[in-house]
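Contents: one structure, followed by commentary.
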Amino acid sequence: MNTDGRSRAPLQWLEWVLAFAILVCGLICVKLTLEKLYFPQPFFFDTDNTFADWFSTAIWSHQEGAYDTWLTVYPPLTFVLLKVLGLPACYEYGDLNSVRDCDWLGIVAIHLSYIATFVIASVALIKVDRKTAAPRAFALAAGMPALFGLERGNVIFFCFICVMLGWGPLLRSTRLRWLFVGMAVNFKVYLIAAVLVQLVRRRWLWVEGALLGVVFVYLISFILLGEGTPVEIIANLVNFADGFYSIQSDILSFWYANTYNPLHSVLTESSAPVSSLIGDDLVNLGAMITIVSMRTGQAMTLLALFAAWIRPEAASPQRLTLLALSFVLITQETSAYTQPIVFFFVFLERWKGWFVPSAIALTYLVSLPGDYIMGSGGLLYMQSSYIAGQTVMVERGFAIGMFLRPLLLILIAVLFSLDTMALVWRDVRRDGWQDRWRFRKDAPILPRVRRPRQPFAAVETGPRAGA
């Protein structure tokens, strides 16, 4: 904890400035929406697809075939939840537009989940640091990733609530934490990384309990839904991965991306005439920058986890969770609405040193709503708008955020990786190795490392020699 108030004051003002920038950008988005009658970039490019993540999934929660026909990758919990939070009579038609117009309960549930998420996030941030809680909670709630998740109507907010209760500072009961961890993983499978990474700190019992929570929640939801075996889910995950990377040549694939994978595929594998538009030199340079950036971020994150494994007491469980989720975020395309989960763990950190404050500032920048279309303009076309209830003229184009956001996310991961390695290095230099009695049974990690000495309190006392 940084107790130097004088050094913290300007940094706290910087957070308020960045939060105000988010507010200004958000108001500009509202103005553009009211003028043009559709959400501007980088909101979803199909203006008639609002809330589609919720209702297209909910349709399959009211009928069979989600796994063998729709080939979903969601575990059964999502379908069980959406079945409860929907009006069954509305799903007799099965059409997305008719269902969306009919099921008012689903619309209410989407917005209530959004509100509940950031009420809980605010409470958690207040518990960590009251002075920075307000701007950070505002950045989470009003930032572009959360607004994007709200527009999509994604179940990410239910998942986010489970993440905060499972890994955050609010609950004391370990068993309750395991239950919420199990629910979070059953909402989004990739969160299993946040469970397994705790092995770095030798938290064997915690990981075992969390995995039991995952299995318990899965079994209950599977019984309630009646479909979604592990074999079906794994097969659909493999098919999804193959299908996803096969369409990476589409320019829309990096419309609002977490990683450089889509952009790299466009530059190297696209059937679009990219070379004729920007030239071979720029194509080769862009491909090199994207792949080097991704590999650097991945390597630095893995090095930080290795350093934490060497010195597990130097990195907190929440820091390990942040590193694991950052690795997932910059490696696999999980859509932008995943970012608030990672940002929550970023905002649990305190302003200390140089790396962490820089990463926090970048998190605010990534959260700025809206985007800037480069050049004189973009493509103009007519499209139906759900929020307007009519056909509108839509303008789309290449925006600066398409190229900068993945880089900023990689930089955030790199900065926390550097800070973690610095923490480990300072801890080793300060305390050495001999006092690490709780890790006495670990295998030697570095050469010429002596066995931890037994603390005085643990030395067995007995009759003195000759007594």
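Think of the stretch 15-427 as having a plus end and a minus end, set by charges on the Cβ of Lys, Arg, Asp and Glu; of A137, F79, I233, A137 sits farthest toward the positive end of this dipole. Near the amide H of A399, within less than 5 Å, lie the amide hydrogens of M374, all on another chain or at least 5 residues away, with H placed in the peptide plane.
The H on the amide N of T391, modeled in the peptide plane, is under 5 Å from the matching H of S385, each at least 5 residues off or on a different chain.
Past 25 Å, Cα to Cα: identify those pairs from K31/K188; K127/K352; K83/K188, in the order given.
Pairs exceeding the cut-off: K31/K188.
3J(HN,Hα) couplings calculated from phi for the stretch 186-198 with the Karplus curve 6.51 cos²θ - 1.76 cosθ + 1.60 (θ = phi - 60°) are, in sequence order, 6, 7, 10, 4, 5, 5, 4, 4, 5, 7, 5, 5, 5 Hz; Gly and Pro show x.
Restriction of the chymotrypsin sites (Phe, Trp or Tyr not before Pro) in the stretch 11-112 to DSSP coil positions whose beta-carbon has at most 16 other beta-carbons within 10 angstrom yields F45, W70, Y93. Rg/Rh, computed from the Cα trace of the stretch 15-427 with Rh as the Kirkwood radius, has the value 0.95. Counting Lys and Arg as +1 and Asp and Glu as -1 over every other residue whose Cβ lies under 11 Å from the Cβ of T363, the net charge comes to -1. Among the chymotrypsin sites (Phe, Trp or Tyr not before Pro) within the stretch 383-412, not one is in coil by DSSP while having at most 12 neighbouring Cβ atoms inside 10 Å.
With θ taken as phi - 60° and the Karplus curve 6.51 cos²θ - 1.76 cosθ + 1.60 applied, the whole-hertz 3J(HN,Hα) list for the stretch 342-352 is 5, 5, 4, 6, 4, 6, 7, 7, 9, 5, 7 Hz, x standing for glycine and proline.
All of the numbers you see were taken from the coordinates with simple rules; none came from a lab. Everything numeric in this text was worked out from a predicted model, so none of it was measured. Note: ideal-geometry Cβ built from the backbone for every residue, glycine included; neighbour counts use all protein chains shown.
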